[in-house]
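Taking it in order: structure first as structure tokens, then the write-up.
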Amino acid sequence: DGAETLLEVNNIEVIYNHVILVLKGVSLNVPKGGITALLGGNGAGKTTTLKAISNLLHSERGEVTKGSIHYRGERVQDLNPSDLVERGVIQVMEGRHCFEHLTVEENLLTGSYTRKDGRAAIDADLEKVYTYFPRLKERRKSQAGYTSGGEQQMTAIGRALMSKPETILLDEPSMGLAPQLVEEIFGIVKDLNEKEGVSFLLAEQNTNVALRFAHYGYILESGRVVMDGPAADLRENPDVKEFYLGVG
Ligand code: ATP
């Protein structure tokens with residue numbers, strides 16, 4: 001359809017340590033208002049793609065050696081991660097990454113550090129995060145390190161929301177969580193997408209759940225996009241069924 005493209009990744013190549021070619025020409029688009037899934041097995045290059053977009057590869061000795069990344073038409077490859085946050089793009093890292101010694105609420109507030117709209121607006125958004133994640137409100141005074149894996153994932157997403165993002169890059173939200181919690185978290189992602197208009201690029205190994213909630217999917221294998229299409233089509237595709245959905 002005619003939705004505006006927010007993020008445009010065009011034929012990027014990523015090399016680690018000057019020699020290890022991990023992305024071999026990846027292209028993808030994230031439209032405004034969509035949930036876009038980036039699928040593929042362990043080591044396919046999902047995390048590398050997200051880190052390339054948010055410019056987090058340098059600390060891992062990785063670099064984009066070819067191709068381009070644009071957000072709202074602006075080349076963003078040479079920005080640092082906080083510049084990107086100011087433009088409305090934030091990454092929620094794999095493995096949740098809470099500040100374990102801070103409370104849940106303090107974790108959430110760290111997400112608002114780039115904002116310049118003052119305490120009242122920040123407090124209003126904190127309340128909004130709690131309406132999407134009622135569990136976090138109950139746990140707000142708890143030290144994040146002592147909350148459950150699901151609560152830490154919620155805290156990580158909630159903290160990202162506190163930057164008022166237009167687009168969230170969400171890495172493997174289902175990792176290590178029981179199926180019921182995975183459903184709960186994807187349900188909240190869907191709500192945030194529909195009610196707050198947040199766009200998502202979601203990296204997931206759990207193809208089944210991702211294709212139920214996403215609108216469009218890209219399948220990565222060994223650093224290349226091997227298939228892409230509307231989620232409903234991918235769910236019905238015989239190869240996707242056989243290799244990714246576990247049914248023949
Ligand atoms: P996962 O689900 O394991 O995160 P993924 O699809 O996200 O898988 P990546 O983490 O992007 O995959 O890894 C892609 C490939 O790049 C893997 O072969 C991995 O071993 C390699 N790789 C990742 N980080 C580095 C690094 N810092 N240095 C060298 N190779 C790396």
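The values are calculated or read from the model by the stated rules, or taken from the named source; none is laboratory data. Every value quoted in this text rests on a predicted model; they were computed, and no experiment measured them. Ideal geometry is used to build each Cβ from the backbone, glycine not excepted, and the neighbour counts take in all protein chains shown. SASA here: full protein model, heavy atoms, side chains in, ligands and nucleic acids out. Shrake-Rupley method; radii C 1.70, N 1.55, O 1.52, S 1.80 Å.
Quick notes on this structure:
- Residues of segment 171-213 classified as of a type in the set (A, V, I, L, M) and more than 16 Å from the ligand (Cβ to nearest atom), total: 8
- Qualifying residue in segment 105-127 (condition: outside any loop (DSSP other than H, G, I, E, B), under 22 Å from Gly150 (Cα atoms), out of contact with any Phe, Trp or Tyr (no Cβ under 9 Å at 6 or more places or on another chain) and free of Cβ contacts under 8 Å to residues at least 24 places away in the same chain): yes
- Checking Asn208, Asn193 one by one, the residue that is touching a strand residue (DSSP E or B) at 6+ places or on another chain (Cβ under 8 Å) and open to solvent by 10 Å² or more (accessible area, probe 1.4 Å) is Asn193 and no other.
- Segment 47-71, subset among the charged types (D, E, K, R) and near the ligand (Cβ under 8 Å from one of its atoms), residue most open to solvent (accessible area, probe 1.4 Å): Arg61
- Scanning segment 225-248 for residues that are surrounded by 16 or more Cβ atoms within 10 Å (Cβ to Cβ) and within 23 Å of Asn11 (Cβ to Cβ) yields a total of 4.
- Once segment 1-44 is narrowed to residues that are within 13 Å of the ligand (Cβ to nearest atom) and polar (S, T, N, Q), the residue that is modelled with the highest pLDDT is Asn17.
- Segment 112-144 - residue that is surrounded by 13 or more Cβ atoms within 10 Å (Cβ to Cβ) and of a type in the set (Val, Ile, Thr) and, of those, nearest to the chain's Cα centre (by Cα): Val129
- Taking (1) touching a Cys at 6+ places or on another chain (Cβ under 6 Å); (2) under 23 Å from Thr36 (Cβ atoms) in turn, Val182 satisfies each apart from (1).
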